[in-house]
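Here is the structure we will look at.
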Amino acid sequence: MQKRIIEGVEVRRGSGNVFADLGLPDAEKLRIKTGLVIEIRRAMRALGLNQLEAAKRMGISQPKVSGMMRGDFTNLSERKLMECLTRLGYDIEIKIRPASAPVGHLTLATA
């Protein structure tokens, strides 16, 4: 990470993954899950769904939706979050192609 001093404060440019910058384990998984939850929140808002209505539509309990809205989604897999999005009317497309670097990466692109 690059570091600079701005007005006496040390500032570092992030890597693009705040979870990795914080040194958290499973940082990539957390980044992907966070992106999925953000899209679920957007879909709920766009559809005008409260937590109970969203829970029924997504096939999970209202307490799990409540936890998800508070940032606790550790009990939900990426697969389950993608299933929730499809039940809210989203298409999910996974593309696999050779990486340009020795190690590939996972990207979550939203429309």
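The values are calculated or read from the model by the stated rules, or taken from the named source; none is laboratory data. None of these values were measured; they are calculated from a predicted model. Ideal geometry is used to build each Cβ from the backbone, glycine not excepted, and the neighbour counts take in all protein chains shown.
Side notes on the structure shown:
- Verdict on Arg41 being touching a Leu at 6+ places or on another chain (Cβ under 9 Å) and basic (Lys, Arg): no
- Annotation: of all residues in segment 62-95 being exposed (fewer than 13 other Cβ atoms within 10 Å of the Cβ) and more than 14 Å from the chain's Cα centre (by Cα), the one that is farthest from Leu106 (Cα to Cα) is Pro63.
- Matching entry among Leu52, Leu47, Leu22 (being free of Cβ contacts under 8 Å to residues at least 40 places away in the same chain and within 27 Å of Thr107 (Cβ to Cβ)): Leu22
- Qualifying positions in segment 25-44 - touching a residue at least 12 places away in the same chain (Cβ under 8 Å), among the basic types (Lys, Arg) and surrounded by fewer than 16 Cβ atoms within 10 Å (Cβ to Cβ): Lys29, Arg41
- In this entry, Gly16 passes the filter for residues that are outside any helix (DSSP H, G or I), out of contact with any helix residue (DSSP H, G or I) (no Cβ under 7 Å at 6 or more places or on another chain) and closer than 21 Å to Thr110 by Cα.
- Here the condition is being of a type outside the set (Ser, Thr, Tyr), modelled with pLDDT under 95, at negative phi and in contact with a Gly (Cβ under 9 Å, 6 or more places away or on another chain); of Pro98, Pro102, it holds for Pro98 alone.
- Residue count, segment 9-28 (criterion: under 16 Å from the mean Cα position of the chain (by Cα) and of a type in the set (A, V, I, L, M, F, W, C)): 5
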